[in-house]
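To keep things clear, I will list the structure first and then write my remarks on it.
Values in this text are rule-based calculations from the coordinates and carry no lab data. Owing to the predicted nature of the structure, the values given are computational and were not obtained by experimental measurement. Here the Cβ positions follow ideal geometry from the backbone for every residue, glycine too, while neighbour counts run over all protein chains shown.
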Amino acid sequence: MPPTVVVCARKRPLNVLEIRAGGHDVVDCASPTEMVVEETRSRYDGAPVATRHSFAFDAVFDDCASTDAVYAAVLRPHALRVIEAPVNATLFTYGQTGG
């Protein structure tokens, strides 16, 4: 039986306004289940220091992943279970849009 709760992340690409403002990509899809966020701060003497934060998920999708690919990998197996058996399911999505 698949897990009761599945947590996935899909990376959003920088939008035009972020690029124009000089923004840069700080998220790396390190593996199919890990995202790494690089945070740059200033030390007490003003020197920049980069810190990497790693986050684990059941699945990670990069900014090139299509909605169809995310559906096929994550939702479709659960949707089929709901159709085939008398079970309930809830899909909760949250996040920024790329627009």
So what's the net charge close to Val6: Lys and Arg +1, Asp and Glu -1, counting the other residues with Cβ under 14 Å from its Cβ?
+2
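Going by average Cβ density within 10 Å per residue, which order do the peptides 24-36, 66-78, 43-55 take, highest to lowest? Don't jump to the answer; show the numbers that get you there.
Details: 24-36: 14.5, 66-78: 12.6, 43-55: 8.7.
Put in order of decreasing packing, that is 24-36, 66-78, 43-55.
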Between Phe61 and residues 5 or more places away or on another chain, which pairs have amide H atoms under 5 Å apart, with H built 1.01 Å from N, and which residues are they?
Ala9, Arg10, Lys11
The local net charge around Cys29, scoring Lys/Arg +1 and Asp/Glu -1 for residues other than Cys29 whose Cβ lies under 15 Å from its Cβ, equals -3
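Given only helices, namely DSSP H runs of n ≥ 4 each adding -39500 (n - 2.57), what is the per-residue ellipticity at 222 nm of the chain, to the nearest 500 deg cm²/dmol? Spell out each step's value before the answer.
Details: 3 runs with 18 residues, N = 99.
Dividing the helical sum by the residues of the chain leaves -4000 deg cm²/dmol.
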Placing one equal point scatterer on each C-alpha of the chain and summing with Debye, one gets log10 I(q)/I(0) at q = 0.12, 0.14, 0.22 Å⁻¹ equal to -0.54, -0.68, -1.23
